[in-house]
Amino acid sequence: MGFTVAITGRPNVGKSTLFNRLLEQRKAIVDNVSGVTRDRQYGVADWNGKNFNVIDTGGFVPDSEDIFETEIRKQVKIAIEEANAIIFMTDVSTGITSLDESMAEILRRSTKPVFLAVNKVDNAERQLDATEFYSLGFDNIFFISSMSGSGSGELLDAITELIPPEDETDEAANEVPRFAIIGQPNVGKSSLLNALVGKERTIVSDIAGTTRDTIHTHYNLFQKDFILIDTAGLRKKNKEKDDLEFYSVIRAVNAMDEADVCLLVLDAEKGITAQDVNIFSLAARKGKGVVLLVNKWDLLEKSTNTARDYEKHLKEKIAPFTDVPVLFISAKEKTRIFQAMEIALKVYENRKRRIATSKLNEVMLKAVAAHHAPVVRGNTVKIKYIMQLPTAVPSFAFFTNYPDDIKTPYKNYLENQLRASFDFKGVPVRIFFRKK
């Protein structure tokens, strides 16, 4: 299981700025106006060789102040329930507000680790003002400036201390493929699982997972065992759309950590949305295999090239990682759902693929000779040797005289050559340049 940290706090305390800093990219929109973050933002943070999931709980756009406070408290409760640790953000420039106190009261009753981050502490005077926040009663308190980054290192040190070191042998030892069915609510994840279960009826066991409503189904299909991690279990109730989306995001992120291959289910009528692209990018960054399943294909009006054009549009959205299987299915009609499992098993095999060093050098050195790396500052870049690294995700080391001078376009060329010569469809490929 991965480690998930949720950033909570009342509006406009700098949650999104901290989120962007932890991910080292500008992903969340930042503004001085309250309630700018409406969508759930999520990503992976790396610190001292450890990585963890980060979820920015964001704000709500209120109809009234009372509704607003209720919704904020609700998201805090969801974070407590679903995340492994919580960053509770406050703002030294406004001091402790009634909403801060209300949230602190909820968080103090939690058994989850809470890190109180007092934001905007960027001078000696504010350092003194920030001592007021000790009265909230938390042991782990950090004075930070999410804008400049001061104090964030100490906060990250404290968070990563809670994360156990990865056991490299775990994935190798676990030979049963794990497939996570992920995607937004109401795209047909439950229908897909039910169609598979109803048809085959070869379930060995249903084990409730550690994340609520995540079901692990041990399956035997095509004379192969695999485990389906179903993150469906979500039902839209009343008008709690924000809560539902927040639950679905955390569960999808946690399910990804357990999986070898992610089956990302899309709604054919809605197409691929920004949140789908976020989930896809996160799975790729985590090194998981990915299969895109376009569900409800039976409901779409089709002409001769509908599937071809649809797939082309999908791949434009997910670029640059486009070497991904796309399958058009209907869970309701049971169209191509078993083919989807065959493809997932193939992607699983691709992810485990190991290329002999002799074969790798024979093929890739020819590709290098056919198209040399650009000359940098008068230096001729030479690649002498290639080897595959012993990692769970297909990773390759290219030994060269000037590793820092090889730019992204040439790296992309080498990846394309690897994909053209060896089947890594559906799997992220990592390339590293090392000094020879």
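The values are calculated or read from the model by the stated rules, or taken from the named source; none is laboratory data. Given the structure is predicted, the values throughout are model-derived calculations rather than measurements. Neighbour counts run over all protein chains shown; Cβ positions are idealised from the backbone, glycine included. Surface accessibility is based on the protein's heavy atoms, side chains included, excluding ligands, DNA and RNA. Shrake-Rupley method; radii C 1.70, N 1.55, O 1.52, S 1.80 Å.
Brief remarks follow.
- Given (1) closer than 30 Å to Leu192 by Cβ; (2) crowded, with 19+ Cβ neighbours inside 10 Å, index of the condition Ile406 fails: (1)
- Note on segment 90-106: residues that are open to solvent by less than 20 Å² (accessible area, probe 1.4 Å) and of a type in the set (Ser, Thr, Tyr) amount to 1.
- Test: residue in segment 245-257 that is touching a strand residue (DSSP E or B) at 6+ places or on another chain (Cβ under 7 Å), open to solvent by 20 Å² or more (accessible area, probe 1.4 Å) and not basic (Lys, Arg): no
- Selection of first residues in segment 216-228 that are farther than 14 Å from Ile343 by Cα and part of a strand (DSSP E or B) and of second residues that are modelled with pLDDT under 70 and polar (S, T, N, Q), restricted to Cβ pairs under 9 Å at least 6 apart or on distinct chains, gives the following pairs, ordered by first then second residue: His216/Ser205; Thr217/Ser205; His218/Ser205; Tyr219/Thr202; Asn220/Thr202.
- Unmet requirement for Phe115, which otherwise passes all of (1) at pLDDT 90 or above; (2) open to solvent by 40 Å² or more (accessible area, probe 1.4 Å): (2)
- Taking every residue in segment 410-436 that is within 15 Å of Gln388 (Cα to Cα) and open to solvent by 40 Å² or more (accessible area, probe 1.4 Å) and pairing it with any residue that is of a type in the set (Val, Ile, Thr) and part of a helix (DSSP H, G or I), at least 6 positions away or on another chain, the pairs with Cβ-Cβ distances below 9 Å are Gln417/Val363; Gln417/Val368; Ser421/Val363.
- Residue match in segment 382-391 (condition: more than 30 Å from Asp260 (Cα to Cα) and open to solvent by 60 Å² or more (accessible area, probe 1.4 Å)): yes
- Count of segment 133-157 residues which are in a helix (DSSP H, G or I), in contact (Cβ under 8 Å) with a residue 40 or more places away in the chain and open to solvent by 20 Å² or more (accessible area, probe 1.4 Å): 1
- Only listed residue being assigned to a helix (DSSP H, G or I), among the acidic types (Asp, Glu) and either at pLDDT 90 or above or open to solvent by 10 Å² or more (accessible area, probe 1.4 Å) (or both), chosen from Asp298, Asp276: Asp298
- Test: Ala397 is of a type in the set (A, V, I, L, M, F, W, C) and open to solvent by 80 Å² or more (accessible area, probe 1.4 Å): no
- The lone exception for Arg419 - which of (1) touching a helix residue (DSSP H, G or I) at 6+ places or on another chain (Cβ under 9 Å); (2) under 30 Å from Leu264 (Cβ atoms) it fails: (1)
- Residues in segment 318-339 that are modelled with pLDDT under 95 and of a type in the set (D, E, K, R): Lys332, Glu333, Lys334, Arg336.
- Subset of segment 306-357 (residues that are open to solvent by 70 Å² or more (accessible area, probe 1.4 Å), part of a helix (DSSP H, G or I) and in contact (Cβ under 8 Å) with a residue 40 or more places away in the chain): His313, Lys317, Glu342, Lys346
- Only listed residue being buried (at least 19 other Cβ atoms within 10 Å of the Cβ) and either part of a helix (DSSP H, G or I) or among the small types (Gly, Ala, Ser) (or both), chosen from Ile87, Ile72: Ile72
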